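The values are calculated or read from the model by the stated rules, or taken from the named source; none is laboratory data. The model shown is predicted, which means the values in this text are computed figures rather than measured ones. Here the Cβ positions follow ideal geometry from the backbone for every residue, glycine too, while neighbour counts run over all protein chains shown.
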Amino acid sequence: MRPLTDIRPKPMIEIAGKPFLEHQVELLRGQGFKKFLFLLGYLPDVVKNYFGDGSKWGVQIEYSVTAVEDLTGRRVKLAEKKLDDCFLLVYCDNYWPLPMDKMWRRFTEVNAPMMVTVYSNQDNYTKSVLKVDDAGFVSVYDKKKKTPDLQGTEISFAIIRKGLIEQLPDGNISLEETLFPPLIANKQLAAFVTHHRYYSVGDTFRLPITEQFLSRRPAIILDRDGVFNEKAPRAQYVRNWSEWKWLPGVKESLRALNEAGFKIIVVSNQAGINRGAMTEADLHDIHMKMVAEVEQSGGRIDAIYFCPHDWDEGCECRKPKPGMLFQAQHDFNLDLSRTVFIGDDERDAQAAEAAGCIPALVSEKRTLLEIVNEVIANTKK
Ligand SMILES: [Mg+2]
């Protein structure tokens with residue numbers, strides 16, 4: 001990471017106008033954290049001088065400074081007296097929009113002393129080093145990657161009970177090499193699995209997409225049928241352009257979003273394809289005409305994702321499953337926790353919940369244009 005880190009430690013590298021670590025502090029504060037303990041080694045004064053006691057951010061920051069060569073296990077052990085009975089451990093080089101409520105619910109349900117966050121890595125974003133069993137516990141952790149069929153990687157955001165740290169031996173120990181094997185052997189290392197990418201300052205090649213992600217260009221995700229156009233009755237489909245009927249205010253909404261700089265992404269269940277009511281070519285034809293009319297009226301559509309599968313095919317993309325939302329997350333490096341997904345039925349709301357999006361439903365009481373104007377106004381704040 002040199003020369004970037006000649007005069008500052010890695011988490012102080014500036015991303016989207018501020019140190020990476022400041023993005024993390026704001027993220028965690030937004031999830032309810034008020035007390036922070038920074039474990040520092042390299043150039044600690046750069047961090048201390050910048051953050052002070054944390055009051056500028058409305059939080060309380062303490063420090064534990066130990067030798068540069070200390071591994072995470074030793075750093076945590078040496079800070080033991082300052083730890084709460086249960087705490088969240090975050091590596092200083094990973095950003096991931098954590099849903100703390102969901103994580104806490106799971107942690108209390110599994111009744112394990114430690115839960116790590118696991119990126120599922122189904123898109124080969126990084127190297128897989130572990131396996132998670134059907135019950136949601138880490139069953140293999142193999143940093144050397146000798147085990148076949150590894151799937152997922154640990155990204156910290158780990159909830160740990162202090163009792164585990166009290167049992168750690170002295171010496172310069174690696175946290176994962178010391179803690180993980182006995183926990184795994186006893187089925188005690190819970191995993192919180194996520195498909196939402198994390199963003200890192202761990203390697204120079206990751207910096208451009210981390211910059212893109214934390215620049216937070218606004219984006220919106222929309223369902224199609226019942227949001228853009230009149231919905232066909234259940235088990236019937238809009239099969240060609242002559243069957244398409246725009247709902248009022250849609251083109252105006254898309255123009256307003258475009259003018260406000262939003263990426264506009266459509267996700268749509270189209271089971272009519274695999275049910276034989278229409279072909280994929282029919283769907284593309286409809287979408288070409290839809291996109292052209294949107295563009296004529298000053299709008300824009302950046303991407304359309306559709307699920308062609310029948311109801312009983314068990315795919316990962318058909319809503320209420322969140323597969324298409326995660327696909328969009330990966331393709332556009334979206335922060336789903338800040339992205340509104342507008343739909344018109346319960347499956348959309350469920351998909352939004354599963355992906356961690358902000359759900360919104362159009363209804364007779366609330367038009368698309370009203371929702372869109374609210375989303376734009378909130379983004380400007
Ligand atoms: Mg719909």
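Summary of computed values
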item: Residues of segment 160-177 classified as within 29 Å of the chain's Cα centre (by Cα), modelled with pLDDT of 95 or more and of a type outside the set (A, V, I, L, M), total; result: 2
item: Residue in segment 300-322 that is within 16 Å of the ligand (Cβ to nearest atom), within 14 Å of the chain's Cα centre (by Cα) and buried (at least 19 other Cβ atoms within 10 Å of the Cβ) present; result: yes
item: Every residue from segment 354-381 that is away from the ligand (no atom under 15 Å from the Cβ) and small (Gly, Ala, Ser); result: Ala354, Ala355, Gly356, Ala377
item: Any hit, segment 242-251, residues being within 17 Å of Asp335 (Cβ to Cβ) and surrounded by 19 or more Cβ atoms within 10 Å (Cβ to Cβ); result: no
item: Inter-residue pairs, beta-carbon under 7 Å, first at positive phi and in segment 216-228, second away from the ligand (no atom under 16 Å from the Cβ), 6+ apart; result: Arg216/Asp335; Arg216/Arg338
item: Residue within segment 266-286 that is buried (at least 18 other Cβ atoms within 10 Å of the Cβ), modelled with pLDDT of 95 or more and within 18 Å of the chain's Cα centre (by Cα) present; result: yes
item: Selected residue (criterion: farthest from the ligand (Cβ to nearest atom)) from residues of segment 248-269 that are of a type in the set (A, V, I, L, M, F, W, C) and assigned to a helix (DSSP H, G or I); result: Ala256
item: Condition met for Leu89 (surrounded by 16 or more Cβ atoms within 10 Å (Cβ to Cβ) and either within 16 Å of Glu176 (Cβ to Cβ) or not assigned by TED's automatic domain parsing to the domain that holds Leu164 (or both)); result: yes
item: Filtered residues of segment 208-244 (kept if over 17 Å from the mean Cα position of the chain (by Cα) and not assigned by TED's automatic domain parsing to the domain that holds Ala354); result: Pro208
item: Sole residue being buried (at least 19 other Cβ atoms within 10 Å of the Cβ) and within 19 Å of Phe180 (Cα to Cα), chosen from Lys127, Lys77; result: Lys77
item: Condition met for Phe205 (buried (at least 18 other Cβ atoms within 10 Å of the Cβ) and not small (Gly, Ala, Ser)); result: no
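Matching residues to (1) of a type in the set (S, T, N, Q); (2) more than 16 Å from the ligand (Cβ to nearest atom); (3) more than 23 Å from Asp101 (Cβ to Cβ):
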position: Phe326; (1), (2), (3): no, yes, no
position: Leu334; (1), (2), (3): no, yes, no
position: Ser337; (1), (2), (3): yes, yes, no
position: Ile342; (1), (2), (3): no, no, no
position: Ala352; (1), (2), (3): no, no, no
